[in-house]
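J.: Sharing a structure with you now.
The numbers here are math on the coordinates, done by the rules we state, and not lab data. This one's a predicted model, so the numbers in the text were calculated from it and none came from an experiment. Heads up, the Cβs are rebuilt from the backbone with ideal geometry, glycines too, and the neighbour counts pull from every protein chain shown.
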């Protein structure tokens, strides 16, 4: 998300990288803006419960009524259904 959460510069383009770094070093408000936007993206897109619900909907299928995660508790069941006790040799 270049321009929203940071800058995307072409590979092996030292001049573009230097320009982006210089811009960030000179603009505290932009650094804070990118930081806030980046954190919001991580919280939104990498939340374990939401991510698990999205995967469940992907594999189990969305229903017209409601997403699977909205009507089921996924996380506790995954541990009991899909994990096996660890056995030491």
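J.: Starting from 0.36 nm per residue, how many nanometres of slack lie between residue 47 and residue 21 once their C-alpha separation is accounted for?
T.: 6.4 nm
J.: Once R0 is set to 25 Å, what does the formula 1/(1 + (r/R0)^6) return for the Cβ-Cβ distance between residue 40 and residue 9, expressed as a FRET efficiency to the nearest 0.05?
T.: 0.65
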